[in-house]
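Below: the structure, in structure tokens.
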Amino acid sequence: MTKHHLNTRLLHTDSADFDPESGIAPVSLPAIRTSTVRFRDLDVLDQTMARKNKGEKVVSYGIAGLDTHRALENVINTLEGGSYCVLNPSGLASIHLAFMSVLKSGDHVLVSDNVYGPVRVMHETLLKRLNIELTYFSAEHPDPASLIQPNTRMMYVESPGSLLMEMLDLPRLAGIAREHDIVLAIDNTWGAGMLYQPLALGADISVIAGTKYINGHSDVMLGAVVTNRDDLARQIHATQYAVGNSVSADDVWLALRGVKTMAVRLEHHARSALQVCEFLDSHPLVSRIYFPAWEKDPGHALWKRDCLGSNGLLSVSLNCSPDAAKAFVNALELFGIGFSWGGFESLVQWVSPGALEPHSYWKEPGKALVRLHIGLEKVEDLIQDLNQALDQISAS
Ligand SMILES: *Cc1c(COP(=O)(O)O)cnc(C)c1O
């Protein structure tokens with residue numbers, strides 16, 4: 001199987017088994033819902049518990065799910081090049097699990113300052129209470145190693161960022177992490193295993209919000225934590241059982257169904273997003289485009305070196321005040337106003353100056369930033385919509 005392309009392997013990972021009598025199997029694995037399992041006799045129970053106690057992923061209860069869950073975990077391992085994957089009820093729960101699996105009271109973490117906003121909330125409300133210290137560093141920091149302290153246990157980053165899409169030099173950070181014996185964890189929601197493969201680039205833990213492109217239809221909350229290190233797998237596994245995370249089989253099934261078409265969706269999103277960039281670049285109201293696959297983006301060289309493709313998420317700064325950009329956002333007809341991205345639909349987010357402030361990469365104070373998710377609509381319609389909405393700023 002490894003000789004095939006990633007997308008082919010993704011489609012052929014964990015198909016349903018043939019019925020031994022009829023020799024027939026469904027194409028799509030069913031959603032196996034259960035809160036617990038039955039054992040044929042006590043011998044089977046004993047054997048199962050013995051294997052479980054050795055750390056094997058056998059099922060003795062419903063909390064970690066059955067075949068449906070294993071199939072999605074295997075698919076995500078295939079995508080990420082991982083050897084261990086665990087599902088969580090959301091992307092944020094996965095970030096939390098990664099932190100809790102690695103850290104203890106008194107530890108210090110280096111965090112890139114472009115991380116998903118709620119990580120900062122987790123820091124303020126939870127990590128501080130647990131006496132875990134965070135230092136935020138810029139994606140452009142010339143010497144992140146200089147920030148490492150004797151109690152630094154982990155580096156946690158996001159690349160590309162999901163607001164300004166800045167590319168981090170992940171292999172370089174991985175080198176620093178290895179040299180100082182600290183864990184490098186990354187939020188790979190942008191890459192979803194298909195566009196960016198952090199474990200191959202040297203990261204130890206990859207976290208994905210399956211809520212976004214993996215599921216792709218904006219109808220499921222789901223996350224995953226992946227690693228290819230046995231020691232970390234054991235820590236993540238034990239921590240997952242300690243906190244009691246569980247995901248519904250129906251949600252897993254929807255994500256499994258969604259992920260099968262991820263490659264074609266991503267190609268369409270990416271192609272349309274580049275066409276939108278070309279349009280935006282020619283518009284006098286546009287100051288700058290933030291999209292690493294766009295050749296004028298400063299992260300383009302790193303994107304070319306480290307990424308296998310792109311998606312539909314981009315930001316654009318406008319030559320007007322943030323307040324003036326509200327007329328543009330309100331005038332859009334095909335872009336829903338909302339957070340999130342990675343579904344089939346186009347979305348727009350008006351980014352508040354306060355949300356940009358922690359990002360040292362943001363160097364256009366006073367200008368407006370708008371994040372767009374370019375969905376699967378016909379791109380000509382999206383461009384026309386953006387064009388008419390930009391006219392609203394000029395008018396107001
Ligand atoms: C959405 C998102 C998350 C969180 O995922 P949820 O499933 O919504 O909790 C984490 N990281 C990034 C980059 C995201 O965009």
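Here are a few things to note about the model shown:
- Computed from phi, the 3J(HN,Hα) profile of the range 245-254 under the Karplus parametrisation 6.51, -1.76, 1.60 (θ = phi - 60°) reads 5, 8, 10, 5, 4, 5, 5, 4, 4, 4 Hz, with x in place of Gly and Pro.
- Too-long pairs where the Cα-Cα distance tops 30 Å, listed order kept, from Lys3/Lys212; Lys104/Lys363; Lys3/Lys52; Lys128/Lys260: Lys104/Lys363; Lys3/Lys52; Lys128/Lys260
- Karplus-derived 3J(HN,Hα), 6.51/-1.76/1.60, for each residue of the range 50-65, Hz, glycine and proline x: 4, 5, 4, 5, 7, x, 6, 8, 9, 9, 10, 6, x, 4, 9, x
- Between amide H atoms placed 1.01 Å from N, distances below 5 Å from Leu222 occur with Gly91, Gly210, Thr211, all of them 5 or more places distant or on a separate chain.
- Antiparallel DSSP beta bridges within the chain, as percent of all bridges there, nearest 5: 60
- All-pairs alpha carbon distance profile, the range 262-395, 10 Å steps from 0, percent: 13, 45, 36, 6, 0
- Relative contact order of the range 262-395, defined on C-alpha pairs under 8 angstrom at six or more residues apart (%): 29
- Computed P(r) (all Cα pairs; the range 6-259; 10 Å bins; percent): 7, 30, 34, 19, 7, 2, 0
- Cβ crowding within 10 Å averaged over residues, with 12-21, 168-177 ranked highest first: 168-177, 12-21
- Prolate/oblate/rounded label for the range 167-257 (Cα gyration tensor, a/c 1.5): oblate
- For the chain, the per residue solvent-accessible surface stands at 44 Å², with DNA, RNA and ligands left out and a 1.4 Å probe.
- Placing +1 on the Cβ of every Lys and Arg and -1 on the Cβ of every Asp and Glu, with nothing else charged, gives the chain a dipole about its Cα centre of roughly 580 debye.
- When the chain is treated as a Gaussian network with alpha carbon springs shorter than 10 Å, the biggest mean-square fluctuation among Ile205, Ile214, Ile383 belongs to Ile383.
- Highest-MSF residue in the chain out of Ala185, Ala331, Ala233 [GNM, Cα springs under 10 Å]: Ala331
- For the chain, a Gaussian network of Cα nodes joined below 10 Å ranks Val109, Val157, Val37 by mean-square fluctuation, and the top entry is Val37.
- Were the residues from Thr48 through Ser35 laid out at 0.36 nm apart, the gain over their Cα-Cα distance would be 3.0 nm.
- Positive-end ranking of Pro322, Ile374, Ser22 along the dipole of the chain, with charges on Cβ about the Cα centre, is headed by Ser22.
- Ligands, DNA and RNA left out, the 1.4 Å accessible surface of the chain is 53% carbon and sulfur atoms.
- Taking amide H as placed 1.01 Å from N in the peptide plane, the amide H of Leu184 sits under 5 Å from that of Met155, Asp204, Ile205, each at least 5 places away or on another chain.
- Each Cα pair under 8 Å and six or more residues apart adds its separation to the average, and for the chain the resulting relative contact order is 16 percent.
- Placing +1 on the Cβ of every Lys and Arg and -1 on the Cβ of every Asp and Glu, with nothing else charged, gives the range 213-268 a dipole about its Cα centre of roughly 100 debye.
- Between Ser138 and His300, the distance separating the two model label sites (each 7 Å from Cα on the Cα→Cβ line) works out to 2.3 nm.
- Helix-only [θ]222 nm of the chain, DSSP H runs n ≥ 4, -39500 (n - 2.57) each, per residue, nearest 500: -10500 deg cm²/dmol
- The separation of the range 192-242 from the range 15-71, counted between C-alpha centres, amounts to 22 Å.
The values are calculated or read from the model by the stated rules, or taken from the named source; none is laboratory data. As the structure is a prediction and not an experimental result, all values here were calculated from the model. Counting neighbours? That spans all protein chains shown, and the Cβs are built from the backbone with ideal geometry, glycine included. To get the accessible areas, we keep the full protein, side chains included, count just its heavy atoms, and leave off ligands, DNA and RNA. Shrake-Rupley method; radii C 1.70, N 1.55, O 1.52, S 1.80 Å.
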